[in-house]
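Reviewing the structure listed below.
The values are calculated or read from the model by the stated rules, or taken from the named source; none is laboratory data. The structure presented is a predicted model; accordingly, all values stated were derived computationally and were not measured. Please note: Cβ atoms are built from the backbone with ideal geometry, for glycine as well, and neighbour counts cover all protein chains shown.
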Amino acid sequence: MARSVAPVESMASLSSDLFYDILRRLDGPTLATAACTCAAFCSISKEERLWENVCSSMWPSTNREDVKSLISSIGGFRKFYADCFPFIVNKEVTEYHWNRYLEYLEEWTEAEYYGDMDESENISPSDFVSIVDIRYKDKLVCSKVLWGIPNADGFNGWFYNCPFRIDLLTSDGEVTLSVSDGLPPVSSMEKERKDGKLWKELRDGLQLSWIVVNKKIKQAANLASWSPLGGQRHWPTDKDFVIRFGSILPAKEILPCQVVECILIMKFRVIHTEEEGVETTLKLTELSMQLEDMEGSHVNGRNSLLILKEALSCRRSKNYSEVVESCHLYSKVQNELKEEKMRNESRLDRLCILTGIAAFISLCYYIL
């Protein structure tokens with residue numbers, strides 16, 4: 001007996017409201033993929049409200065009205081997501097050798113390193129906005145928005161020549177993590193030093209997004225690596241855990257090393273353990289950004305503003321392994337540079353010793 005087959009409705013006969021209802025449930029990557037499947041999805045996926053929902057889910061700090069206005073002013077939520085979802089990737093790390101690096105340094109004058117910001121460069125600390133979200137095991141821990149750069153007032157103030165650093169934590173309100181957030185209970189710090197269970201959970205569970213927006217040029221980028229790139233247990237005390245995120249940023253025509261490391265530090269301190277009769281609790285004690293050059297020196301405020309501006313238009317990738325590869329390449333070249341520097345300094349020390357011995361022998365010969 002033949003089975004009757006119900007007619008299949010064509011895509012064209014379906015309501016656009018139904019399409020919208022389908023698309024609004026998707027995350028960013030899936031929504032972008034769906035937009036490529038048919039003309040109807042492509043048209044509806046351009047709706048700003050869809051991308052506002054995606055950004056709100058990805059970065060809860062974008063729910064703020066002032067941030068919504070900022071995003072609208074720089075091109076909208078769709079553009080914001082396209083700029084900030086991919087990771088910054090920089091593989092243009094030149095195979096530096098110390099002698100070549102010295103040649104670069106000789107070409108750079110002190111004024112180029114530490115000179116005042118040229119008004120023609122048209123960059124101000126107030127142009128930048130930091131939009132930061134921290135998650136632990138996909139649960140929101142903290143959202144912060146910082147307008148401008150603290151203590152950087154004045155066009156030619158001390159900020160431009162001092163080491164660049166942004167501290168995002170303020171005295172108003174504590175950020176804590178506890179067992180109720182998914183932390184493993186720690187019976188004592190002595191046990192934690194042995195098994196490192198809390199440390200492992202932090203490294204695997206913490207996620208950081210640090211988006212920098214330049215209002216003037218209407219560009220944005222996420223400078224964080226999302227997942228940790230490294231860290232230190234029990235530093236500087238046995239109750240401190242330092243987690244490091246970041247990215248490698250271009251510095252062409254800004255610094256001789258051509259690339260710098262953006263270091264984002266998150267530090268937690270254990271303030272309660274189970275042996276104290278209170279559930280395990282951690283307190284966020286530091287959330288900061290700084291830039292370091294190949295030699296590990298802090299980049300000053302003037303050059304940091306130039307580097308941040310360039311970073312907002314550099315290459316990006318959705319492949320996290322590329323980010324890790326980029327950071328490993330930077331570390332490799334940095335270590336090679338340090339080793340070559342030490343070898344050259346050792347040769348110089350030996351030369352100075354031999355020169356001193358020769359001078360001493362000459363003096364003795366002259367006296368005799």
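Hey, any hits in the range 160-170 for a residue that's at pLDDT below 95 and either out of contact with any strand residue (DSSP E or B) (no Cβ under 7 Å at 6 or more places or on another chain) or not assigned by TED's automatic domain parsing to the domain that holds I131 (or both)?
Within the range 160-170, one or more residues are at pLDDT below 95 and either out of contact with any strand residue (DSSP E or B) (no Cβ under 7 Å at 6 or more places or on another chain) or not assigned by TED's automatic domain parsing to the domain that holds I131 (or both).
Looking at the range 20-72 only, could you name the residues that are assigned to a helix (DSSP H, G or I) and touching a strand residue (DSSP E or B) at 6+ places or on another chain (Cβ under 9 Å)?
M58, P60, S61, T62, N63, D66, V67, L70, I71
Pairs under 7 Å by beta carbon, first residue under 15 Å from W210 (Cβ atoms) in the range 290-317, partner part of a helix (DSSP H, G or I), six or more apart or different chains?
That search, which allows pairs on different chains as well, returns L291/S304; L291/I307.
Could you please let me know if S43 is over 25 Å from the mean Cα position of the chain (by Cα), at pLDDT below 85 and surrounded by 12 or more Cβ atoms within 10 Å (Cβ to Cβ)?
Yes: the conditions hold for S43.
Count, please, the residues in the range 1-19 that happen to be at pLDDT below 55, in a helix (DSSP H, G or I) and not aliphatic (A, V, I, L, M).
Residues that pass the stated criteria total 1.
Among (1) more than 28 Å from D83 (Cβ to Cβ); (2) of a type outside the set (A, V, I, L, M); (3) in a loop (DSSP other than H, G, I, E, B); (4) out of contact with any Cys (no Cβ under 8 Å at 6 or more places or on another chain), there is one condition E295 misses while meeting the rest; what is its number?
Here E295 meets the rest and fails (4).
Does at least one position in the range 267-289 carry a residue that is at pLDDT below 95, under 24 Å from M58 (Cα atoms) and among the aromatic types (F, W, Y)?
The answer is no; no qualifying residue exists.
Please go through the range 161-183 and pick out each residue that is among the charged types (D, E, K, R) and exposed (fewer than 14 other Cβ atoms within 10 Å of the Cβ).
D172, E174
Mind checking whether some residue in the range 313-320 is in contact with a strand residue (DSSP E or B) (Cβ under 9 Å, 6 or more places away or on another chain), in a strand (DSSP E or B) and of a type outside the set (F, W, Y)?
Looking through the range 313-320, at least one residue is in contact with a strand residue (DSSP E or B) (Cβ under 9 Å, 6 or more places away or on another chain), in a strand (DSSP E or B) and of a type outside the set (F, W, Y).
Can you name the residue in the range 198-212 that is part of a helix (DSSP H, G or I) and surrounded by 14 or more Cβ atoms within 10 Å (Cβ to Cβ) and, of all such residues, is farthest from the chain's Cα centre (by Cα)?
My answer is L198.
Note down all Cβ pairs under 6 Å where the first residue falls in the range 18-42 and is of a type in the set (F, W, Y), the second is surrounded by 12 or more Cβ atoms within 10 Å (Cβ to Cβ), and they're at least six residues apart or on different chains.
Qualifying pairs under 6 Å: F19/A40; F19/I44; Y20/I44; F41/A34; F41/A35.
How many of the residues in the range 164-197 are in a helix (DSSP H, G or I) and hydrophobic (A, V, I, L, M, F, W, C)?
Total meeting the criteria: 2.
When you scan the range 221-285 for strands (runs of 3 or more DSSP E) that lie fully inside it, which ones turn up with 1 or more residues that are among the aliphatic types (A, V, I, L, M) and surrounded by 16 or more Cβ atoms within 10 Å (Cβ to Cβ)?
240-250, 259-272
All but one of (1) modelled with pLDDT of 75 or more; (2) surrounded by 14 or more Cβ atoms within 10 Å (Cβ to Cβ) hold for E340, so report the exception by its number.
Going through (1) modelled with pLDDT of 75 or more; (2) surrounded by 14 or more Cβ atoms within 10 Å (Cβ to Cβ) one by one, E340 breaks only (1).
Give the number of residues within the range 51-69 that are buried (at least 20 other Cβ atoms within 10 Å of the Cβ), farther than 15 Å from W210 by Cα and of a type outside the set (D, E, K, R).
Residues that pass the stated criteria total 2.
Can you pull out the residues in the range 219-261 that are within 24 Å of N300 (Cα to Cα), touching a Leu at 6+ places or on another chain (Cβ under 7 Å), free of Cβ contacts under 8 Å to residues at least 60 places away in the same chain and not basic (K, R)?
Correct list: A224, I243, F245, I254, V260.
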